[in-house]
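Report on the structure given below.
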Amino acid sequence: MRGKNPAPKRKITPDPKFGSVLVSKFINHIMKDGKKATAQKVFYSALDIIKAKSQRDPLDVFDIAVRNIAPEVEVKSRRVGGANYQVPIYVSEARKTALAFRWLVAACAAKKGAPMGQKLATEILEASENLGTAIKKKQDVYKMAQANRAFAHFAR
């Protein structure tokens, strides 16, 4: 916590190939140990695979997948009177995309036996059709929020 001032938002430059800030943010999410060129190769190869498998624009498929994965509600732990409650809260736009990126990368990393670009392309295609591991994570979070909606009055 920074007291009264929130952390300043950084300006993210659009990616060089498509000129999209969303793609640039996702590449930053994929990146490990500062290896941005490797992360770009992985993402662009995934888009090439998407273009080959489905005859649609890969950026549109990616955008649809991110919107499908992004959660509307999530649960946060609140301590009230010595008891912990899972309180459902609405998710802000910035957090929606951050969670969608996190769940998408985690779903790809959990799969074994294929190159990351291939796993990413498969997961993006599945998510654009409301299938896959990342969509299951979103549904699990939604079910948890529904189960705990009796505690919604504890939200600030």
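Laid out as a table, the results:
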quantity: Unmet criterion (only one of (1) at pLDDT 95 or above; (2) over 20 Å from ILE27 (Cα atoms); (3) touching a Lys or Arg at 6+ places or on another chain (Cβ under 8 Å); (4) not acidic (Asp, Glu)) for ALA52; calculated: (3)
quantity: Flag if GLN55 is outside any loop (DSSP other than H, G, I, E, B), among the polar types (S, T, N, Q), over 20 Å from ALA94 (Cβ atoms) and without any contact (Cβ under 8 Å) to a residue 60 or more places away in the chain; calculated: no
quantity: Residue among ALA150, ALA107, ALA127 that is more than 13 Å from the chain's Cα centre (by Cα) and part of a helix (DSSP H, G or I); calculated: ALA150
quantity: Failed item, numbered, when LYS138 is tested on (1) out of contact with any Leu (no Cβ under 7 Å at 6 or more places or on another chain); (2) free of Cβ contacts under 8 Å to residues at least 40 places away in the same chain; (3) not acidic (Asp, Glu); calculated: (2)
quantity: Checking GLN86 against (1) over 27 Å from ASP140 (Cα atoms); (2) in contact with a strand residue (DSSP E or B) (Cβ under 8 Å, 6 or more places away or on another chain), the condition it does not meet; calculated: (1)
quantity: Filter result for GLN86 (out of contact with any Ser or Thr (no Cβ under 8 Å at 6 or more places or on another chain) and over 23 Å from ALA7 (Cα atoms)); calculated: no
quantity: Per-region count, segment 111-136, residues surrounded by fewer than 18 Cβ atoms within 10 Å (Cβ to Cβ) and either in contact with a His (Cβ under 6 Å, 6 or more places away or on another chain) or within 17 Å of LYS41 (Cβ to Cβ) (or both); calculated: 3
quantity: Criterion: of a type in the set (Lys, Arg), outside any strand (DSSP E or B) and touching a helix residue (DSSP H, G or I) at 6+ places or on another chain (Cβ under 7 Å) - qualifying residue of LYS137, LYS112, LYS143, LYS96; calculated: LYS137
quantity: Qualifying positions in segment 27-42 - part of a helix (DSSP H, G or I) and either farther than 17 Å from ILE12 by Cα or among the charged types (D, E, K, R) (or both); calculated: LYS36, THR38, LYS41, VAL42
quantity: Members of segment 30-53 found to be crowded, with 16+ Cβ neighbours inside 10 Å and touching a helix residue (DSSP H, G or I) at 6+ places or on another chain (Cβ under 7 Å), listed by number; calculated: ILE30, MET31, ALA39, GLN40, VAL42, PHE43, SER45, ALA46, LEU47, ILE49, ILE50
quantity: Set VAL61, VAL141: member being buried (at least 17 other Cβ atoms within 10 Å of the Cβ), of a type outside the set (Lys, Arg) and under 24 Å from LYS17 (Cα atoms); calculated: VAL61
quantity: Total residues in segment 65-93, condition exposed (fewer than 15 other Cβ atoms within 10 Å of the Cβ) and either of a type outside the set (D, E, K, R) or outside any helix (DSSP H, G or I) (or both); calculated: 11
quantity: Hey, ALA70 within 16 Å of TYR142 (Cα to Cα) and of a type in the set (Gly, Ala, Ser) or not; calculated: yes
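The values are calculated or read from the model by the stated rules, or taken from the named source; none is laboratory data. Keep in mind it's a predicted model, so treat the numbers as computed, not measured. FYI the Cβ positions are ideal-geometry reconstructions off the backbone, even for glycines, and counts take in every protein chain you see.
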